[in-house]
Amino acid sequence: MSSSPCLRQEMGGTYFGYMPHDELVDFLNLLLEAERAGARVCARLAVDAPTTELRRKLREVQQDEVYSCGLLIKALQTIDAEISLKVGDFYEKVMALETLAERLTLLNRGQEWVEKKLRRGLPQIEDSRIRDQLQEMLVRHEVNIREMEIQLANFL
Ligand SMILES: [Fe+2]
């Protein structure tokens, strides 16, 4: 049975597989909490970095994480949603590990988790402005993951 245009209109964006409003708010806030934690991890690990190159890279990633927080806050404001003030528990997880190499590896795993979330979530976002902003966040994560892998290879 094919649905009528009226029914399609009633169902709104979800008909096309787009995230409903509440799901989008949770998605954006989850990423915001993760990025806040990521920024905190990078700031801390930069202090421990044994080389100038690694310290510089960690500070760059930290700036990108802060930038992502800004994009996510803007996206939440665009849809008049409440902005989470929480910080994810990623910092505690990373700092529970003993060596810098282990901490950097987990940092990159966390970045990959965000990358996967964005890849899956992006096609389900109806608002093109939000999609474009998150696309930028995705590209920055891809670049940073690759560059941190290079750093890790030198370091291990
Ligand atoms: Fe991140």
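The values are calculated or read from the model by the stated rules, or taken from the named source; none is laboratory data. Just so we're clear, the structure is a prediction, and the values are computed from it rather than from any experiment. Neighbour counts are summed over all protein chains in view; Cβ atoms, including those assigned to glycine, are modelled from backbone coordinates with ideal geometry. These area figures cover heavy atoms from the full protein model, side chains too; ligands, DNA and RNA do not enter into them. Shrake-Rupley method; radii C 1.70, N 1.55, O 1.52, S 1.80 Å.
A quick yes/no check of all residues on (1) more than 16 Å from the ligand (Cβ to nearest atom); (2) crowded, with 19+ Cβ neighbours inside 10 Å:
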site: Ala39; (1), (2): no, yes
site: Val47; (1), (2): yes, no
site: Asp80; (1), (2): yes, no
site: Lys93; (1), (2): no, no
site: Arg109; (1), (2): no, no
site: Val114; (1), (2): no, yes
site: Ile130; (1), (2): yes, yes
site: Glu136; (1), (2): no, no
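Would you check which residues across the range 138-156 are more than 27 Å from Tyr18 (Cβ to Cβ), within 15 Å of the ligand (Cβ to nearest atom) and either without any contact (Cβ under 8 Å) to a residue 24 or more places away in the chain or surrounded by fewer than 16 Cβ atoms within 10 Å (Cβ to Cβ) (or both) and list them?
Selection gives Val143, Arg146, Glu147, Glu149.
Out of Leu104, Leu134, Leu76, Leu71, report the one residue that is over 23 Å from Glu23 (Cα atoms), in contact (Cβ under 8 Å) with a residue 24 or more places away in the chain and in a helix (DSSP H, G or I).
Only one candidate passes the filter, namely Leu104.
Kindly provide the set of residues from the range 49-65 that are crowded, with 16+ Cβ neighbours inside 10 Å, within 15 Å of the ligand (Cβ to nearest atom) and free of Cβ contacts under 8 Å to residues at least 60 places away in the same chain, ordered by number.
Selection gives Leu58, Gln62, Glu65.
Residue by residue through the range 66-78, note down the ones that are of a type outside the set (A, V, I, L, M) and either in contact with a Pro (Cβ under 7 Å, 6 or more places away or on another chain) or open to solvent by 20 Å² or more (accessible area, probe 1.4 Å) (or both).
Let us first name the residues in the range 66-78 that are of a type outside the set (A, V, I, L, M), namely 67-70, 74, 77-78.
Result: Tyr67, Gly70, Lys74, Gln77, Thr78.
For every residue, the table says whether it meets (1) more than 24 Å from Arg56 (Cβ to Cβ); (2) under 16 Å from the mean Cα position of the chain (by Cα); (3) assigned to a helix (DSSP H, G or I).
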site	(1), (2), (3)
Val87	yes, yes, no
Leu118	yes, yes, yes
Gly121	yes, yes, yes
Arg129	yes, no, yes
Val139	no, yes, yes
